[in-house]
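J.: Take a look at this one; I'll ask things after.
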Amino acid sequence: MMPARAAAQVWRLVLPGGDQVVPVAGALYLGRDPRDVLNRPDASLLPAHDPSRSLSKTHALIEVDGGILWVHDLDSTNGVVVAAPGVEAIEVAPGVRQPVPDGAELELGEYVIRVRLG
């Protein structure tokens, strides 16, 4: 039997406005009209409503690997920044995966997602 605490450790993306929360168990592409650009048939597609159009069609890949949440900038136009409390924000280089800590914000252009674990 798993302890309740271990079972509750799920990564969640809180989308702008706070009314939509997306659990992340594997991999997902995020963008205005995302496509599987890295041949990852295991990945889900998460289309995002972005009135400012600062998101690329397929902006980023977000995945859980080894219990860690990772983000990849898929050569987006407006970049990906990981902003965690108490540390300097990190601009993610295209093609390099960056760990995302609990409580961080993912800045995808003007589209900002809060990240929660648990």
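Computed from the coordinates by the stated procedures, all read-outs in this text should not be read as laboratory data. Everything quoted here is computed from the prediction, not taken from an experiment. Using ideal geometry, Cβ is built from the backbone for each residue, glycine included, and neighbour counts are taken over all protein chains shown.
J.: Regarding the stretch 20-72, what is the average projected area of its C-alpha convex hull, in nm²?
T.: Numbers: hull surface 15.3 nm².
With every direction weighted equally, the projected area is 3.8 nm².
J.: Tally Lys/Arg at +1 and Asp/Glu at -1 over every other residue whose Cβ is under 11 Å from the Cβ of Glu110; what's the total?
T.: Numbers: positive: Arg53; negative: Asp50, Glu107.
Taking every Cβ under 11 Å from that of Glu110, the sum is -1.
J.: Taking 20 °C and 1.002 mPa s as the conditions, I'd like the Stokes-Einstein D for the stretch 40-103 in µm²/s, using the Kirkwood hydrodynamic radius from alpha carbon pairs.
T.: The calculation lands on 167 µm²/s.
J.: I'd like to compare 19-29, 85-95, 63-73: which one has the highest average count of other Cβ atoms within 10 Å, and what's the full order after that?
T.: Numbers: 19-29: 14.7, 85-95: 11.5, 63-73: 16.8.
Packing proxy ranking, top to bottom: 63-73, 19-29, 85-95.
J.: Show the residues, 5+ positions off or on another chain, whose built amide H is closer than 5 Å to the amide H of Gly31.
T.: Under 5 Å from the amide H of Gly31 lie the amide H atoms of Leu46, Ala48, His59, each far enough along the sequence or on another chain.
J.: Take peptides 100-110, 37-47 and line them up by average Cβ neighbours within 10 Å, highest first, as a rough protection proxy.
T.: Numbers: 100-110: 18.6, 37-47: 12.7.
Those peptides, ordered most packed to least, come out 100-110, 37-47.
J.: Right, something else. Could you compute how fast the chain diffuses translationally, taking Rh as the Kirkwood radius over C-alpha pairs and applying Stokes-Einstein at 4 °C with viscosity 1.567 mPa s? Give it in µm² per second. Working shown, then result.
T.: Details: Rh = 14.4 Å.
Answer from the Stokes-Einstein relation: 90 µm²/s.
J.: Anyone know which of Val14, Val82, Val96 comes out most mobile in the 10 Å Cα GNM of the chain?
T.: Checking each option, the largest mean-square fluctuation is seen for Val96.
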